[in-house]
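Data block below; observations after.
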Amino acid sequence: MYLILGHPRNEDFTWLLNQHGGRQAAINLSRRLKCSYCLRHRPVKHPRGSKLPRIGSFNSQVALDFLYPVDADGKTYQVQHVKDLSGMLSVCVPTETRNSVEILRTFLTVWCSWAGPPTRIWCDRDGAFARSFVEELEKLRVEVDQILAEAHWQAARIEHANRTLKIIWKK
């Protein structure tokens, strides 16, 4: 069959074996067949699309989130994570509460005290980032974008940084 018309696709070959009473072992093996000639002469795949990262000035976009690392004794900590989205800088600070006034005070202390208020903040629609948190930041002329739970892709950069930090803390 190969000499005349080439060989059939694996799905067609498996179907033929199944229809003509082939053994189950042969049917299972037929699904995994690979032709060395076809592999050598297959068309070149197109490269995946890419885009340049959005680069802004330092402190133009900042993301806020919470993460909960676990230490070697199994104790869980609550950590407020502040990440500059235009660079690589992250600041993590342990917090005891999720009260929006305390979270705002912590943010102003660990970030705004030395970097100044950012242009825009990305954060979850979390109770800690409630109305009072947003109103106080808007008084400082900071745009606050709260990410919906359904639009989790918008928080990908901070979530990726959170995942990396959890791996570091685990070690």
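Here are a few things to note about the model shown:
- Whole-angstrom Cα spans of segment 49-93 along principal axes, big to small: 42, 27, 13
- Between VAL44, VAL110, VAL144, the GNM of the chain built on Cα springs shorter than 10 angstrom shows VAL44 fluctuating the most.
- Rounded accessible area of ASP73 (nearest 10 Å², 1.4 Å probe): 140 Å²
- Comparing CYS92, CYS112, CYS38 in a Gaussian network model of the chain (Cα springs below 10 Å), the most mobile by mean-square fluctuation is CYS38.
- Counting only heavy atoms of the protein chains and using a 1.4 Å probe, HIS20 has close to 150 Å² of accessible surface.
- Lysine pairs with alpha-carbon atoms under 18 Å apart, segment 55-171, spacing 8 or more or separate chains: 4
- Spin-label zone in segment 30-69 - amide nitrogen under 18 Å from a point set 7 Å from the Cα of GLU11 along the C-beta vector: 30-35
- Result for the chain in a Gaussian network model with C-alpha springs under 10 Å: among ILE27, ILE121, ILE55, the largest mean-square fluctuation is at ILE27.
- Counting only protein heavy atoms and using a 1.4 Å probe, the accessible area of LEU85 comes to about 20 Å².
- Over the chain: helical MRE at 222 nm, DSSP H runs n ≥ 4 each giving -39500 (n - 2.57), nearest 500: -9000 deg cm²/dmol
- For the pair GLN78 and ILE55, a Förster radius of 30 Å applied to the C-beta separation gives a FRET efficiency near 0.45, rounded to the nearest 0.05.
- Overall dimensions of the chain by Cα: Rg and Dmax, Å: 27.0, 78
- Note on surface exposure: SER86, SER30 rank SER86, SER30 by accessible area, highest first, 1.4 Å probe.
- P(r) histogram, all alpha-carbon pairs of segment 1-73 included - 10 Å bins from 0, percent: 12, 23, 16, 11, 15, 18, 6
- Cysteines in the chain lacking a second Cys C-beta under 4.7 Å: CYS92, CYS112, CYS123
- One compactness figure for segment 67-145 is 1.13, namely its Cα radius of gyration divided by 2.2 N^0.38 Å.
- Restricting the trypsin sites (Lys or Arg not before Pro) of segment 21-130 to loop positions (DSSP other than H, G, I, E, B) with no more than 12 neighbouring Cβ atoms within 10 Å leaves ARG23, ARG31, ARG32, LYS34, LYS45, ARG48, LYS51, ARG54, LYS75, ARG125.
- Å² per residue, accessible surface of the chain at 1.4 Å: 74 Å²
- For segment 37-127, the fraction of 1.4 Å probe accessible surface lying on carbon and sulfur atoms is 57 percent.
The values are calculated or read from the model by the stated rules, or taken from the named source; none is laboratory data. Keep in mind the model is a prediction, meaning the values are calculated, not measured. Positions of Cβ are backbone-derived with ideal geometry, glycine not excepted, and every protein chain shown enters the neighbour counts. Quick note on the areas: whole protein, heavy atoms, side chains included, nothing else; ligands and nucleic acids left out. Shrake-Rupley method; radii C 1.70, N 1.55, O 1.52, S 1.80 Å.
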